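Trainee: I have a structure here, written as structure tokens, and I will follow up with some questions on it.
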Amino acid sequence: QVQLVESGGGLVQAGGSLTLSCAASGRIFSVNSMGWYRQAPGKQRELVARVSSVGTTNYADSVKGRFTISRDNAKNMVTLQMNSLKPEDTAVYYCNARSLSINMDFWGQGVLVTVSS
């Protein structure tokens, strides 16, 4: 199993910035990609950004140019830097770790990000 603990959510005004962090523990050796997803009220969970074990990244179109995902393999952490936040970024953000070897996805408990207009 892989345990994920997120931190850094909160309330911010539109145009502001927040940094989300996710610390992983457990069977880290089995983790390939890590990423952040979000779920707004009444909507499905959606991908925000992912980073592979070698640093390849991909982003949702809605956050390109504003959000940056980074991964520190030595510290088993993944970070999401969110700039120029918009009210539509308001959601619960979930850290995800994907293991291809055991074909499983692991999730954190989620952190709330609220962007006021």
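The values are calculated or read from the model by the stated rules, or taken from the named source; none is laboratory data. Since this is a predicted model, take the numbers as computed values, not measurements. Note that each Cβ is placed from the backbone with ideal geometry, even for glycine, and that neighbours are counted across all protein chains shown. For accessibility, only protein heavy atoms count, side chains too; no ligands or nucleic acids. Shrake-Rupley method; radii C 1.70, N 1.55, O 1.52, S 1.80 Å.
Trainee: Go through (1) open to solvent by 20 Å² or more (accessible area, probe 1.4 Å); (2) out of contact with any helix residue (DSSP H, G or I) (no Cβ under 8 Å at 6 or more places or on another chain); (3) within 27 Å of Ser117 (Cα to Cα); (4) in contact (Cβ under 8 Å) with a residue 60 or more places away in the chain one by one and return the number of the condition Pro41 breaks.
Mentor: (4)
Trainee: Just to verify a result, which residue in region 44-56, among those that are open to solvent by less than 60 Å² (accessible area, probe 1.4 Å) and at pLDDT 95 or above, is nearest to Asp89 (Cα to Cα)?
Mentor: So the residue we want is Val48.
Trainee: Same structure again: Name the single residue that is nearest to Ser70 (Cα to Cα) among those in region 84-114 being among the polar types (S, T, N, Q) and touching a residue at least 24 places away in the same chain (Cβ under 8 Å).
Mentor: If we filter region 84-114 for residues that are among the polar types (S, T, N, Q), which is where we start, we get 84, 90, 96, 99, 101, 103, 109, 114.
Filter once more, so that each one left must be touching a residue at least 24 places away in the same chain (Cβ under 8 Å): 84, 90, 96, 99, 101, 109, 114.
Working: Ser84: 18, Thr90: 21, Asn96: 13, Ser99: 18, Ser101: 22, Gln109: 20, Thr114: 22 Å.
This residue is Asn96.
Trainee: Scanning region 48-77 for residues that are in contact with a Ser or Thr (Cβ under 7 Å, 6 or more places away or on another chain) and of a type in the set (Val, Ile, Thr), which turns out farthest from Val113 (Cα to Cα)?
Mentor: Checking each candidate, the answer is Val51.
Trainee: Looking at region 86-113 only, could you name the residues that are assigned to a strand (DSSP E or B), under 25 Å from Gly15 (Cβ atoms) and open to solvent by 70 Å² or more (accessible area, probe 1.4 Å)? Outline the logic, then answer.
Mentor: First, the residues of region 86-113 that are assigned to a strand (DSSP E or B): 91-99, 104-107, 111-113.
Okay, now just the ones that are also under 25 Å from Gly15 (Cβ atoms), so 91-95, 111-113.
Hit for region 86-113 is Leu112, nothing else.
Trainee: Can you name every residue in region 20-38 that is assigned to a strand (DSSP E or B), surrounded by 13 or more Cβ atoms within 10 Å (Cβ to Cβ) and of a type outside the set (Lys, Arg)?
Mentor: So in region 20-38, the residues assigned to a strand (DSSP E or B) come out as 20-26, 34-38.
Imposing the further condition that a residue be surrounded by 13 or more Cβ atoms within 10 Å (Cβ to Cβ) reduces the set to 20-24, 26, 34-38.
Residues satisfying the conditions are Leu20, Ser21, Cys22, Ala23, Ala24, Gly26, Met34, Gly35, Trp36, Tyr37.
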